[in-house]
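**Q** I'd like to ask some things about the structure below.
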Amino acid sequence: MSESHIIIAIDGYSSTGKSSFAKRIASAYGLLYLDSGALYRAVTLVAMENGFISDGKLDISLLQPFLGDLNIHFRDNGPEGNQTFIGGRNVEKEIRSMEVSSNVSPVAADRNVRNYVDGILHEMGRQRSVVMDGRDIGTTVFPEADLKIFMTADPSVRAMRRAAELKAKGQECPLEDVLKNLQERDYIDSHREISPLTQAPDAIVLDNSNMTFDDQMQWIAGIMKQKFNLKPLDE
Ligand code: CDP
């Protein structure tokens, strides 16, 4: 990677605030933010709507013919920021629902689905400096990433944050269901055969159980300065 082309990989457990952190880093340092989980969620939505998932199992033979033509992408939607689209349809809200959260991990465990998503991520990472968040960015998608961060936090803190997020979007859900979902996803994501969630040996661990967003930005500012000699754009 050249000095002007930077790839930052943020991986970690469910609901550790990877996306919010990655978004803030992208806007502070002028990088493109890529939410790999949104791509897995969008594929899951397609599979659910077409009846390709039953009893929590994906029938990949039914989904496979659709994958090439799905046209899942991100679009800057003005004040709403980057939104996930399937063709011309904005699915940003639907892909964050608990129904999609309950089905996404088995879908993301499929090799064909992972190849499809990796293709999109590789293409975008080639074009621009990016900060990507997910489960396997620093281990599989961009093992040569310039900076790898592995995020973790206490499960009860994570469940409270995610429940508050859902409530703010009008999708109230009992705390114990949210906790159960994130623990189930952590288990499936960490134990699957292909690209399991695991900490890259060269990743820096960030446990943000007791950190505010501002604490995190201060933490990353030190690393960005030291590693890339970069300051936030507004400094
Ligand atoms: O809800 P949260 O923000 O923690 O998850 P997400 O980043 O939206 O990802 C949703 C799901 O997609 C994860 O639970 C994984 O099963 C899958 N995923 C993956 O397998 N690999 C990635 N690089 C990103 C997400």
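**Q** Using the scaling law 2.2 N^0.38 Å as the reference, what is the normalised Cα Rg of the chain?
**A** 0.98
**Q** While we're here: Projected onto the charge dipole of the chain (+1 at Lys/Arg Cβ, -1 at Asp/Glu Cβ, origin at the Cα centre), which of LEU70, ALA145, SER27 gives the Cα projection farthest towards the positive end?
**A** Of the listed residues, the answer is SER27.
**Q** Counting alpha carbon pairs within less than 8 Å and at least 6 residues apart, what relative contact order, in whole percent, applies to the chain?
**A** 33 percent
**Q** How much accessible area per residue does the chain have, counting only protein heavy atoms and a probe of 1.4 Å, in square angstrom?
**A** Accessible area per residue: 49 Å².
**Q** A further question on this structure: Taking amide H positions as placed 1.01 Å from N in the peptide plane, with prolines and chain starts having none, which residues 5 or more places from LEU206, or on another chain, fall under 5 Å of its amide H?
**A** PHE150, MET151, THR152
**Q** In addition: In the P(r) worked out for the stretch 168-235, what percent of Cα pairs fall beyond 19 Å?
**A** Tail fraction, whole percent: 62.
**Q** Determine the gain in length on full extension of the stretch ASP59-ASN210; use 0.36 nm per residue of separation and subtract their C-alpha separation, reporting nm with one decimal.
**A** 50.3 nm is the gain from fully extending ASP59 to ASN210.
**Q** Right, another one. Which shape class applies to the stretch 1-62: rounded if a/c is under 1.5, otherwise prolate when a/b exceeds b/c and oblate if not, where a ≥ b ≥ c are the square roots of the Cα gyration tensor eigenvalues?
**A** Prolate.
**Q** For the stretch 161-222, state which GluC sites (Glu not before Pro) are in a DSSP loop and have at most 12 other beta carbons lying within 10 Å of their beta carbon.
**A** GLU172, GLU193
**Q** Shifting gears a bit: Can you tell me the dipole magnitude for the chain around its Cα centre, using point charges on the Cβ only (Lys, Arg +1; Asp, Glu -1), in Debye to the nearest 20?
**A** Approximately 240 debye in magnitude.
**Q** If you don't mind, there's one more thing I want to ask. Work out the length of the dipole vector of the stretch 106-235 about its Cα centre, built from +1 on the beta-carbon of each Lys and Arg and -1 on the beta-carbon of each Asp and Glu, and round it to the nearest 20 debye.
**A** Taking the Cα centre of the stretch 106-235 as origin, the dipole is about 200 debye.
**Q** Calculate for the chain the 222 nm mean residue ellipticity that helices alone would give, adding -39,500 (n - 2.57) per DSSP H run of length 4 or more and normalising by residue count, nearest 500 deg cm²/dmol.
**A** -15000 deg cm²/dmol
**Q** Let me ask something else. Over the stretch 123-235, what is the relative contact order in percent, taking alpha-carbon pairs closer than 8 angstrom and at least six residues apart?
**A** Relative contact order here is 33 percent.
**Q** Same structure again: Check ILE6: other-chain or 5+ apart residues with amide H under 5 Å from its amide H, H built from backbone geometry?
**A** Distant-sequence amide H within range of ILE6: SER129, VAL130.
**Q** Next question. Leaving ligands, DNA and RNA out of it, report the carbon-plus-sulfur percent of the accessible area of the chain at a 1.4 Å probe.
**A** Carbon plus sulfur share of accessible area: 50 percent.
**Q** Structure shown: which of LYS23/LYS57; LYS23/LYS180; LYS169/LYS225; LYS23/LYS169 lie over 30 Å apart, alpha-carbon to alpha-carbon?
**A** Result: LYS23/LYS57; LYS169/LYS225 exceed 30 Å.
**Q** While we're looking at this one, here's another question. Could you run the Karplus curve 6.51 cos²θ - 1.76 cosθ + 1.60 with θ = phi - 60° over the stretch 101-116 and give me ³J(HN,Hα) per residue in whole Hz, x for Gly and Pro?
**A** Karplus values, whole Hz, x for Gly and Pro: 4, 6, 10, 5, 5, x, 5, 6, 7, 7, 4, 5, 5, 5, 4, 4.
The values are calculated or read from the model by the stated rules, or taken from the named source; none is laboratory data. It should be emphasised that the depicted structure is a prediction, and the values quoted were computed from it without experimental measurement. Methodologically, a virtual Cβ is constructed for each residue, glycine included, from the backbone with ideal geometry; neighbour enumeration extends over all protein chains shown. When the accessible area is computed, the model is the full protein with side chains, heavy atoms only, and any ligands, DNA or RNA have been set aside. Shrake-Rupley method; radii C 1.70, N 1.55, O 1.52, S 1.80 Å.
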